[in-house]
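Enquirer: Mind having a look at this structure? Questions to follow.
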Amino acid sequence: MTSTQQRAALQRQIWQIANDVRGAVDGWDFKQYVLGALFYRFISENFANYIEGGDDSVKYATLPRSVITPEIKDDAIKTKGYFIYPDDLFVNIAAGANTNEKLNTDLADIFSAIEMSASGYPSENDIKGLFADFDTTSNRLGNTVKDKNTRLAAVLKGVAELDFGDFEGSHIDLFGDAYEYLISNYAANAGKSGGEFFTPQHVSKLIAQLAMHKQTSVNKIYDPACGSGSLLLQAKKHFDAHIIEDGFWGQELNHTTYNLARMNMFLHNINYDKFNIQLGDTLRNPHFGDDKPFDAIVSNPPYSVKWIGSDDPTLINDDRFAPAGVLAPKSKADFAFVLHALSYLSSKGRAAIVCFPGIFYRGGAEQKIRQYLVDNNYVETVISLAPNLFFGTTIAVNILVLSKHKTNMTTQFIDASGLFKKETNNNTLTEKHIEQIMQVFDSKADIDHFAKSVSFEDIKANDYNLSVSSYIEARDNREVVDITTLNSELKITAAKIDQLRTEIDAIVAEIEGEDLGA
């Protein structure tokens, strides 16, 4: 079995486990337990692997607590960010889960101990509350303690049976892929809310490449509405670790999704000191003001959500919004996220932001913000994508690429709406599609019906409209008809019809004559 086949088989297995174990519990409600169990197994094996240090004679899971000195514990927390005692490791708890009448409370105590182990250490905020959504007392698991324990034991057993091989090598990648596979499946089945916490990997790859294009190194990469961290992690997956010097930064409003993002970082083997994910409202209470600027920004913010806008008179003086001289409409916060990203962007970097298409042609405050962006030469490229690429919406969204180091006053428009592969539920971008977009993004070449660089004067004359369809003529796919040939064919057809009518008339006359003779 190839590695690709192994991965596919593993993904089918884990999704089957997730569905079988949940029973009558809604999959969306149950996701925390499957994802949490996978995370618990990962950090257990990661921690044991660190303690063992490659020494095959040491099996951390079998050691008694008495051998753990304060020095060992202190050193481990400083390095890994947390501590797990041998008897609290996933492998030991899963082994006795079916007969443990205190399983739900034991798990709660273990999760609390893992989080508390980081108290007073630099990793405290990165570990705190990680297991908050793994509620072992929830009635979602069952009405009685026995029912809860039965379902928890089934989850642990299912995750324990997943074959990830040895922890080293591809094992880490398989863990991260399994976690993202689960998240993507939950997102695909979550309806509209799915798109709020997960950006499909094929689109994430394009966005990451746009933001990182031709940068040999970036100080850090940032997502102001990071969801489960899928966009940030695409940068790690497709670029060498040393390129991203200071790690991965993000902010997320939803508490559950914020925890998913932090778990996702650990599951992709990003240590606590290489990521900084914060909880909160990016527009009203932004983090990282003292840590900007960022050389790479990626974002898929919520489309056209309401925000406080002009109801808060202090926001017009906010460093992020003041330069534009106007706030995004209260009913549509899209450009508030764009201006926030621009404010956090370094002079050498790029921001690639997924945007609702309406913001590129509507009037009012949005037109004034577009004027600010174009007049100051911040808009490098606008890309229109195919419909139905994202979870929870079928609309054809755009990607806005911002830059503070453009060398000319032209803006590039790319019509990629025809680039997609039809899947069962959603369209996807293939590797070839992404390569086509990146090639023309790099070259800035004009290609009929696909890409065009437009001068500042033309955009200004067009009332700062940044809609791709305003500058790129759609390909006419209607069949070209040769009128001369068509007329000739019609004459031949008409002659044949006349001949048939004559022959039919003759046959009818002959039949009628025979009838009269009779």
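The values are calculated or read from the model by the stated rules, or taken from the named source; none is laboratory data. Quick caveat: nothing in here was measured; it's all calculated off a predicted structure. Cβ placement follows ideal geometry from the backbone for every residue including glycine, while neighbour counts extend to all protein chains displayed. Just the protein is used for accessible areas: all its heavy atoms, side chains included, with ligands, DNA and RNA removed. Shrake-Rupley method; radii C 1.70, N 1.55, O 1.52, S 1.80 Å.
Enquirer: With the convex hull built on the Cα atoms of the stretch 1-72, state its orientation-averaged projected area in nm².
Expert: In nm², the orientation-averaged hull projection of the stretch 1-72 is 7.8.
Enquirer: Cα centroids of the stretch 245-277 and the stretch 52-93: how far apart, whole angstrom?
Expert: About 24 Å separates the Cα centre of the stretch 245-277 from the one of the stretch 52-93.
Enquirer: While we're looking at this one, here's another question. Can you compute the FRET efficiency between K460 and D312 using 1/(1 + (r/R0)^6), with r the Cβ-Cβ distance and R0 = 30 Å? Round to the nearest 0.05.
Expert: 0.45
Enquirer: Over the chain, with every protein chain in place, what whole percent of the accessible area is carbon and sulfur at 1.4 Å, could you tell me?
Expert: 49 percent
Enquirer: Highest first, please rank the peptides 118-126, 275-283, 63-71, 291-299 by the mean number of other Cβ atoms sitting within 10 Å of their residues.
Expert: The most tightly packed comes first, giving 291-299, 275-283, 118-126, 63-71.
Enquirer: Give the relative contact order (percent, whole number) for the stretch 1-136; include only Cα pairs under 8 Å separated by 6+ residues.
Expert: Here the relative contact order equals 23 percent.
Enquirer: Here's something else I'd like to know. On a C-alpha basis, how far is the centre of the stretch 322-375 from the centre of the stretch 424-479 in Å? Whole number, if you could?
Expert: Each part reduced to its Cα centre gives a spacing of 20 Å.
Enquirer: Quick one: which of K128/K236; K236/K368; K80/K406; K102/K274 span more than 32 angstrom between C-alpha atoms?
Expert: Distance filter (> 32 Å) returns K236/K368; K80/K406; K102/K274.
Enquirer: To continue, here is another question. Which value in Å does the Kirkwood hydrodynamic radius of the stretch 41-132 take, with 1/r averaged over all unlike C-alpha pairs and then inverted?
Expert: 13.8 Å
Enquirer: While we're here: Could you work out how much longer the chain between K496 and K368 gets when fully extended? Use 0.36 nm per residue separation minus the Cα distance between them, nm to one decimal.
Expert: Fully extending the segment from K496 to K368 adds 39.5 nm.
Enquirer: Just tell me which aspartates and glutamates come within less than 18 Å, Cα to Cα, of K306; anything on the same chain fewer than 8 places away is out.
Expert: Answer for K306, where 18 Å is the Cα cut-off: E196, E252, D281, D334, E366, listed by chain and number.
Enquirer: If every alpha-carbon in the chain counts as one equal scatterer, what log10 I(q)/I(0) does Debye give at q = 0.05, 0.06, 0.08, 0.11 1/Å?
Expert: Each listed q corresponds, in turn, to -0.28, -0.37, -0.59, -0.98.
Enquirer: Note down the nm distance, to one decimal, between modelled labels 7 Å out along Cα→Cβ at D29 and at K422.
Expert: With each label placed 7 Å out from Cα toward Cβ, I get 3.8 nm.
Enquirer: Measuring with a 1.4 Å probe in the full set of protein chains, what accessible area per residue, in whole Å², belongs to the chain?
Expert: 47 Å²
Enquirer: Right, here's the next one. Once you charge only the Cβ atoms, +1 for Lys and Arg and -1 for Asp and Glu, what is the size of the charge dipole of the chain about its Cα centre, to the nearest 20 debye?
Expert: Roughly 1180 debye for the chain.
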